[in-house]
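The block underneath contains the structure these notes are about, expressed in structure tokens.
Every read-out reported here was derived from the displayed coordinates using simple, explicitly stated rules and does not represent laboratory data. Just so it is clear, the structure is predicted and the values come from calculations on it, not from any experiment. Virtual Cβ from ideal backbone geometry, glycine too; neighbours counted across all protein chains shown.
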């Protein structure tokens, strides 16, 4: 029975992954992500139900639009699989069992899934456009708010002083960002990275965030070295998608540390 449950969770995760591919494409374009029907970005043809089945539709149409035959980026397929796997890993982490499911476990899984969606959104937009969308950060703060309510009711490590301090810091950072927008007319990537780290810390605690940051620094250093080797005689120094690396590192750290602790 547990196998069937985890297959359902994987399918649910892949459905979320399919939605995330849509969201990461539309959010930077300021398009509606809930009411507007899915369409091919090349020919604008409205997609049918069979075109939107996660994973299977990509395989069946061999990575090409059914209508204009334009090649579909494999990142759609990859994100759907990764999101499905992340949901399964999360279910294993919170120890979902079909015979022992309780409200505490269900809420823990739901909040964790919403947090994973947040990480995927930040990472997906950053890798494509190299910026952190403020609306996604607000969504992350909302997830944290509900998570803290959950921790207050069911948690054993809830500390009101810690929560107040972090929210004061978040407010200060938001004020600094508002000042930066008025001064330069655009969001500060560095300030948004700080906000991202604060959200991560409130959800995963300090030590997980520290490990995630250290891992990110190693990834950035390796990417810079690799770039300098590949583009040795070129004046090409692309900006590193730090938020993307940070989200991936945070996700990996969460699952790895929980496996070790288990």
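If R0 equals 35 Å, the separation of the Cβ atoms of residue 157 and residue 34 corresponds to a calculated FRET efficiency of about 0.50.
Taking every alpha-carbon pair within the stretch 68-196, the share separated by more than 18 Å comes to 65 percent.
The packing ranking of peptides 72-79, 89-96, highest mean first, is 89-96, 72-79, where packing means the average number of other beta carbon atoms within 10 angstrom of each residue. Size descriptors for the chain (Cα atoms only): Rg and Dmax, in that order, 19.8, 62 Å. Between residue 239 and residue 255, the contour length at 0.36 nm per residue exceeds the Cα-Cα span by 3.0 nm.
Taking a ≥ b ≥ c as the square roots of the eigenvalues of the Cα gyration tensor, the stretch 1-101 is classed as prolate, since a/c reaches at least 1.5 and a/b is larger than b/c.
The calculated FRET efficiency for residue 174 paired with residue 210, based on their beta-carbon distance and R0 = 22 Å, is about 0.45. Summary value for the stretch 1-147: 30 percent relative contact order, contacts being C-alpha pairs under 8 angstrom separated by 6+ residues.
In percent, rounded to a whole number, the relative contact order of the stretch 72-226 is 16, using alpha-carbon pairs under 8 Å and six or more apart. Contact order, relative form, for the chain: 19 percent (alpha carbon pairs under 8 Å, 6 or more residues apart, mean separation divided by residue count).
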